[in-house]
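All remarks here apply to the structure that follows.
The values are calculated or read from the model by the stated rules, or taken from the named source; none is laboratory data. Everything quoted here is computed from the prediction, not taken from an experiment. Here Cβ is always computed from backbone atoms with ideal geometry, including for glycine, and neighbour counts include all displayed protein chains.
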Amino acid sequence: MAMITKENLPQAVERALAAAPVTDLHTHIFAEGFGDLLLWGVDELVTYHYLIAENFRYTGMPYERYFALSKKEQAEMIWRNLFSENSPVSEGQRGVLTVLAKLGLDVGSRNLASFREFCASFTPGQFIDKVFAISGVKAVVMTNDPFNAKERAVWLGGGYDDPRFLAALRIDPLLNGYDQSHLLLREWGYDADKRLDRKSVEEVKRFLRDWIKRMKAMYMAVSLPPSFMVPEDSLRSRLVEECVIPVSQELDVPFAMMIGVNKLVNHKLGDAGDSVGKSSVRPVEYLCEKYPDNKFLVTMLARENQHELAVTARKFRNLLVFGCWWFLNNPSLIEEITRMRMELLGLSFVPQHSDARILDQLIYKWDHSRKIIGKVMVDKYGDLLATGWKLDEAELKRDAEGLMGGNFWRFLGKTPL
């Protein structure tokens with residue numbers, strides 16, 4: 001196997017990352033079997049909520065009027081404001097252009113109609129195959145919410161049959177809105193009451209077991225506000241410790257916490273109206289220390305939390321830090337955070353996940369992230385070579401495969417697909 005030198009290191013890193021199969025451990029995309037929950041194509045791409053928020057920086061149109069437009073009209077307005085009348089330099093705008101270019105389209109034409117025509121020539125299944133091939137993604141973990149009526153119907157009807165799409169049980173309504181969600185549990189045959197008495201605890205645990213098994217869920221996940229705290233005198237804290245933690249340990253299914261989102265600071269923007277807040281890392285420390293036999297996946301939304309979270313991961317081997325989530329998915333921040341994590345954690349983390357809601361986004365999220373992760377790797381392996389350490393391509397391949405998803409599978413204790 002060829003040895004790595006300072007001169008051939010950049011090319012070797014690029015090859016290793018390009019060849020490494022990606023497991024995208026957190027997305028919001030769906031398999032074809034979920035019908036119109038699967039979002040794809042240029043109109044969906046252009047009207048993604050990142051770009052909706054950016055669009056309103058350039059228009060005084062009332063929010064209600066925009067959301068009353070058809071999807072096509074919304075896309076045409078955003079294309080005009082963000083791509084025609086202003087240069088598309090934001091990461092969200094650039095992402096759209098990367099997708100179109102990687103699909104082989106003439107981005108310079110600025111012809112939205114021709115981009116639509118191209119997408120319309122595919123079936124959903126064909127487009128999934130194309131996007132996976134271009135992006136180098138081998139498997140994605142969906143976000144699966146049994147409290148969503150459309151999605152629930154798919155699961156109860158037998159689910160889906162594409163092994164590239166893995167499931168994660170999303171439990172936001174349970175943890176963040178138990179006062180309402182317990183009513184649905186009762187409707188579905190789980191004897192849960194508002195007070196979360198002893199019987200209710202057992203029924204919530206039964207609900208979690210049932211859905212983990214039905215979905216073959218890779219993990220349980222929740223998005224949490226900056227105020228999240230465990231332990232505390234709250235229903236959410238009790239649900240975590242009395243229900244989620246025991247089932248997580250019993251079924252060996254990690255608990256994923258995505259911490260730091262301030263929901264709907266501008267409610268008129270809908271999904272585009274969420275923001276960010278600095279959080280305490282103490283709940284993560286507490287859970288990892290008190291429950292050493294449980295596994296925790298954690299990402300945090302505020303830049304200010306990243307160093308403390310990485311230091312916490314040094315102390316607890318049952319914690320896997322992953323991704324640059326949401327507002328951190330900007331090249332300058334991805335590089336900063338990946339570099340800091342590598343300096344503190346070596347290779348024992350997952351540098352990125354796509355968080356994609358539109359299938360097409362897998363293309364740009366992984367294209368952009370590979371380049372940034374590669375830049376950090378070149379610098380760090382360059383430092384290694386400068387000491388006299390010898391490195392061959394097989395070792396580089398091993399490390400790249402770990403960063404692109406192998407570390408996730410090892411943490412789970414499972415064999416990669």
**Report entry** Residues located in the range 36-47, provided they are outside any helix (DSSP H, G or I) and more than 11 Å from Leu359 (Cα to Cα)
**Finding:** Thr47
Query raised in the report: Applying the selection to the range 306-335, what residues are without any contact (Cβ under 8 Å) to a residue 24 or more places away in the chain and charged (D, E, K, R)?
Result: Arg317
Query raised in the report: When Val89 is evaluated against the numbered criteria (1) surrounded by fewer than 19 Cβ atoms within 10 Å (Cβ to Cβ); (2) under 21 Å from the mean Cα position of the chain (by Cα), which criterion, by number, is the only one it fails?
Result: (2)
Query raised in the report: Has the range 181-201 got any residue that is touching a helix residue (DSSP H, G or I) at 6+ places or on another chain (Cβ under 7 Å), under 25 Å from Lys414 (Cβ atoms) and among the polar types (S, T, N, Q)?
Result: no
Query raised in the report: Looking only at residues in the range 1-27 that are part of a helix (DSSP H, G or I), of a type in the set (Gly, Ala, Ser) and out of contact with any Lys or Arg (no Cβ under 6 Å at 6 or more places or on another chain), which one is surrounded by the most Cβ atoms within 10 Å (Cβ to Cβ)?
Result: Ala12
Report task. Working carefully through the options Glu401, Glu343, Glu393, find the one that is farther than 23 Å from Tyr219 by Cβ, acidic (Asp, Glu), surrounded by 15 or more Cβ atoms within 10 Å (Cβ to Cβ) and over 17 Å from the mean Cα position of the chain (by Cα). Result -> Glu393
**Report entry** Any hit, the range 375-390, residues being surrounded by 16 or more Cβ atoms within 10 Å (Cβ to Cβ), hydroxyl-bearing (Ser, Thr, Tyr) and closer than 20 Å to Met142 by Cβ
**Finding:** no
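This table checks each residue for (1) basic (Lys, Arg); (2) assigned to a helix (DSSP H, G or I); (3) at positive phi.
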residue	(1), (2), (3)
Tyr286	no, yes, no
Asp293	no, no, no
Leu297	no, no, no
Asn305	no, yes, no
Ala310	no, yes, no
Ala313	no, yes, no
Arg317	yes, no, no
Val321	no, no, no
Cys324	no, no, no
**Report entry** Qualifying residue in the range 53-62 (condition: closer than 14 Å to Pro124 by Cβ and surrounded by 13 or more Cβ atoms within 10 Å (Cβ to Cβ))
**Finding:** no
Report task. For the range 33-43, state whether one or more residues are surrounded by 19 or more Cβ atoms within 10 Å (Cβ to Cβ), closer than 22 Å to Leu417 by Cβ, at pLDDT 95 or above and among the small types (Gly, Ala, Ser). Result -> no
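In the range 205-231, which residues are farther than 24 Å from Phe165 by Cα and assigned to a loop (DSSP other than H, G, I, E, B)?
Pro225, Pro226, Ser227, Phe228, Met229, Val230, Pro231
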Requested in this report: Go through the range 107-147 and give me each residue that's of a type in the set (S, T, N, Q) and either touching a residue at least 60 places away in the same chain (Cβ under 8 Å) or surrounded by 16 or more Cβ atoms within 10 Å (Cβ to Cβ) (or both).
Outcome: Ser135, Thr143, Asn144
**Report entry** Of all residues making up the range 156-180, the number that are assigned to a helix (DSSP H, G or I), surrounded by fewer than 19 Cβ atoms within 10 Å (Cβ to Cβ) and in contact with a Phe, Trp or Tyr (Cβ under 9 Å, 6 or more places away or on another chain)
**Finding:** 2
Query raised in the report: Which one of these is outside any helix (DSSP H, G or I) and of a type in the set (S, T, N, Q): Asn86, Asn81?
Result: Asn86
Query raised in the report: Within the group Gly260, Gly277, which residue is farther than 28 Å from Arg195 by Cβ, buried (at least 20 other Cβ atoms within 10 Å of the Cβ) and in contact (Cβ under 8 Å) with a residue 40 or more places away in the chain?
Result: Gly260
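Here is a yes/no grid of residues against (1) touching an Asp or Glu at 6+ places or on another chain (Cβ under 9 Å); (2) part of a helix (DSSP H, G or I); (3) within 28 Å of Gln352 (Cα to Cα); (4) among the hydrophobic types (A, V, I, L, M, F, W, C):
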position: Ile29; (1), (2), (3), (4): no, no, yes, yes
position: Phe34; (1), (2), (3), (4): yes, yes, yes, yes
position: Gln93; (1), (2), (3), (4): yes, yes, yes, no
position: Asp129; (1), (2), (3), (4): no, yes, yes, no
position: Ile134; (1), (2), (3), (4): yes, yes, yes, yes
